[in-house]
1. Does residue A:4 fit the bill of being more than 11 Å from the chain's Cα centre (by Cα) and within 14 Å of chain B (Cβ to nearest Cβ)?
2. Hey, does the range B:296-303 have a residue that's over 16 Å from residue A:292 (Cα atoms), touching a Ser or Thr at 6+ places or on another chain (Cβ under 8 Å) and not assigned by TED's automatic domain parsing to the domain that holds residue B:19?
3. Can you name the residue in the range B:269-286 that is in contact with a Lys or Arg (Cβ under 7 Å, 6 or more places away or on another chain) and more than 7 Å from chain A (Cβ to nearest Cβ) and, of all such residues, is modelled with the highest pLDDT?
4. Where in the range A:299-392 are there strands (runs of 3 or more DSSP E), lying wholly inside it, with at least 1 residues that are without any contact (Cβ under 8 Å) to a residue 24 or more places away in the chain?
5. Could you check the range B:197-212 and list, in sequence order, the residues that are in contact with a strand residue (DSSP E or B) (Cβ under 7 Å, 6 or more places away or on another chain) and surrounded by fewer than 19 Cβ atoms within 10 Å (Cβ to Cβ)?
6. Among the listed residues B:140, B:146, identify the single one that is closer than 30 Å to residue B:268 by Cβ and without any contact (Cβ under 8 Å) to a residue 12 or more places away in the chain.
7. If a residue has to be β-branched (Val, Ile, Thr) and open to solvent by 20 Å² or more (accessible area, probe 1.4 Å) to count, how many in the range A:1-38 make the cut?
8. In this structure, does residue B:27 turn out to be open to solvent by less than 20 Å² (accessible area, probe 1.4 Å), among the aliphatic types (A, V, I, L, M), within 21 Å of residue B:310 (Cα to Cα) and touching a residue at least 12 places away in the same chain (Cβ under 8 Å)?
Amino acid sequence: MIKKEMIAMLLAGGQGSRLGVLTTYMAKPAVPFGGKYRIIDFPLSNCINSGVDTVGVLTQYQPLKLNAHIGIGTPWDLDRYIGGVSILPPFEKNVNSEWYTGTANAIYQNIEYMESYNPDYVLILSGDHIYKMDYEVMLDFHKQNDAAVTIAAMPVPMEEAKRFGIVIANSERKITDFEEKPEHPRSNLASMGIYIFSWQVLREALMALSDQPSLDFGKHVIPYCHEKGERLFAYEYNGYWKDVGTLHSYWEANMELIDIIPEFNLYEEYWRIFTSGEILPPQFIADNSAIEKSIIGEGSTVYGKVYNSVIGCGVVIGENTIVRDSIIMNQSEIGTDCVIDKAIIAENVSIGDRVHLGVGEEVPNETDPSIYDCGLVTIGEHSIIPSGLSVGKNSVLSGVFQIGDFEGEQLSSGRTMVRGGDRK
Amino acid sequence: MRAIGIILAGGNNHRMGELTKLRAIAAMPIAGSYRSIDFALSNMTHSHIQKVGVITQYNAKSITQHLSSSKWWDFGRKQGGLFVFTPSITANSNFWARGTADAIYQNLSFLKNSHEPYVVIVSGDGIYKMNYNRILEYHIEKKADITVVCKDMPSDVEAERYGVLSMNEESRITNFEEKPIEAWSHTVSCGIYVIRRRQLIELIEKCAEEDRHDFVSDILIRYRNQKRIYGYRIKDYWRNIASKEDYFQANMDFLKKDVRDYFFHQYPDVYSKVDDLPPAKYNVGSEVRTSLISSGCIINGAVHDSVLFKKVFVGNNSYIKNSIILNDVYIGDNSHIENCIVESHGTIRANSYYKGENGIQVIVEKSDRFVL
């Protein structure tokens, strides 16, 4: 007989459109982070470190990278005989076939998966946050309070509370009310989108609400449980937690890793973050190079100079090139004599020689000023940037380019050059 | 599949000194991320040899720990897989393995219970990439009884430290001598053999009957005129580890671009146990030149012409030159390390000074470590 006390359902189907070209070809949870990781490594590692060995990963948007990364779950020890990791895409049914239309709808469509493990509790996670959390402690809290639903919540500064879903709890942490992005918040406890449900409560709620369009946990399921008079509790979390939903917050969270003792410390022994590393060899640092305040992944080769940057695995940085305040992801190659300032360069990008990124004044981006801001230059994956090009701030480039594509061998600040929807 | 594999990983060499106090040569860390046995294991898996026995004896724990899971080399299979043999007392034998042939004899059931027609026997201390199927094809084409992989060493290498052999024009081995007093040839055996499984069983059983125990002297050399023993000459990179100096040089070789490109960036990859360490971190004040740095390292000082293994911490204002720092070493501030091999898990106190004056100095330093 199969029995798992708690299983996890990890929502990884979202695009994360505010990450711009980084998520053109991959879902947000597959976006690389911190040199060698992908965002989904954090919740997956938290699961196995918390003793949760059965994880359903719900995918929908551009799942290839995610599927390839997760595989059969080997890096996280989630390749189990019973349980382990399962990828759960939307599927055709006898009647009512549909995509996942909301967070809770995705879970609803996989009731059979959950039932097959005969769980007492179901942990709902989202695949786009950077944090370390022991879900077992949260489960203990859930059991002690005889709760039906436990919501992880963290205190945020009162002035920022209006950006979050806020829970209002009494001194016993029992939730008395909710506010979604309130104008005048009555509490500063922000919901983190992490829930533990007692299985029967979740099952009943999903069945009852199954006809609701775009069924969502925050908007529908939690309020439903609250109105029914179920016992809802807030589990307060006080560690590092970062939503890397925008390019700027993504860049910032990466840059925090290079502090002397970062707030989010990857070097701690007792809570390791696991990832699928296909690149094993050490990195080679050549003569005439200089590296300060940076982290660099396996198998990279540095001939140039790197300051305040996060460099992935298998990256090559050419001679006399200077990289500052930038993120360079796996397998990208930068030529010689380049200057890279405050850029986010996605995977498998090839940058020629004498390329300057991040020159000139800041001008708001012409197409997506709210996405490409803060002076960043963003380069999409598999792009080819020709030698001699000079690129301004708040700009974005994605695709294969030749120098003739650019008037005066430059792309001025605020410009967008994105080629092709589907990659051929 | 046509062959099974045997990796001989039980040996030690007194010339390794304190480096093999706690580990076998096959478990020596190589090039920042690997151990010597990874090369043989990766060659096996890339040659589609699915059933491999690893024979251990000296400091077997170091090997069994590294092989605690076979999945890193893709051996986690229903059919075949990785078998690790340590000597054990049985109803018929209470000896340690007295030689390589004896080691195989004590695990003869592994050979007898297989059905593959051929066996690839390799030593666990070689650093090389090889598709063993090439040797197998050659072996079949030559109708050989045993094929020995060999390499012409450059004239400045002391060939008398190896098994030395000579071949006639059709590559049949005419003479073979293990560690001769004076090298009469620069062609040396790489310790890689292909042999038919039933032939091997027969020879090993005969050896055991006659109380002979060594594969090289009691089979290869003794039978060189009776059996068709052929040499297969390779030109690619190959190196083995038999002494402290070999070991140092083998690691330093990886600072050369061609060696790095060959092992790190060309298909097929070398596999190893994955450690899930964070990326290496370079703080203000770090200055690294012509060095290999592994994951989990934190660098605050200067590192020149050196190989740093995983999780090495280099303190402020320290200077490391022409050295190998094995995994998990903590080097305090203001220290100087030159021409050294620092044993793993060592703690070098602040303001230390080490310099190998005549050759390479091995530092085994187990001071107390105070870390935040």
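The values are calculated or read from the model by the stated rules, or taken from the named source; none is laboratory data. The structure displayed is predicted, hence computed values, not measured ones. Virtual Cβ from ideal backbone geometry, glycine too; neighbours counted across all protein chains shown. We work out accessible area using only protein heavy atoms, side chains counted, and drop any ligands, DNA or RNA first. Shrake-Rupley method; radii C 1.70, N 1.55, O 1.52, S 1.80 Å.
1. Details: more than 11 Å from the chain's Cα centre (by Cα): yes; within 14 Å of chain B (Cβ to nearest Cβ): no.
Answer is no for this residue.
2. Looking for residues that are over 16 Å from residue A:292 (Cα atoms), touching a Ser or Thr at 6+ places or on another chain (Cβ under 8 Å) and not assigned by TED's automatic domain parsing to the domain that holds residue B:19, one finds none in the range B:296-303, hence no.
3. B:277
4. Values: elements: A:305-307, A:322-324, A:339-341, A:343-345, A:356-359, A:377-379, A:390-392.
Answer list for the range A:299-392: A:305-307, A:322-324, A:339-341.
5. If we filter the range B:197-212 for residues that are in contact with a strand residue (DSSP E or B) (Cβ under 7 Å, 6 or more places away or on another chain), which is where we start, we get B:197, B:200.
Of everything in the range B:197-212, just one residue is in contact with a strand residue (DSSP E or B) (Cβ under 7 Å, 6 or more places away or on another chain) and surrounded by fewer than 19 Cβ atoms within 10 Å (Cβ to Cβ), namely B:197.
6. Working: B:146 fails: without any contact (Cβ under 8 Å) to a residue 12 or more places away in the chain.
Checking each option against the conditions leaves just B:140.
7. To start, the set of residues in the range A:1-38 that are β-branched (Val, Ile, Thr) comprises A:2, A:7, A:21, A:23-24, A:31.
Applying the additional criterion that residues be open to solvent by 20 Å² or more (accessible area, probe 1.4 Å) yields A:2, A:24.
The total comes to 2.
8. Working: open to solvent by less than 20 Å² (accessible area, probe 1.4 Å): yes; among the aliphatic types (A, V, I, L, M): yes; within 21 Å of residue B:310 (Cα to Cα): yes; touching a residue at least 12 places away in the same chain (Cβ under 8 Å): yes.
Criteria met by residue B:27.
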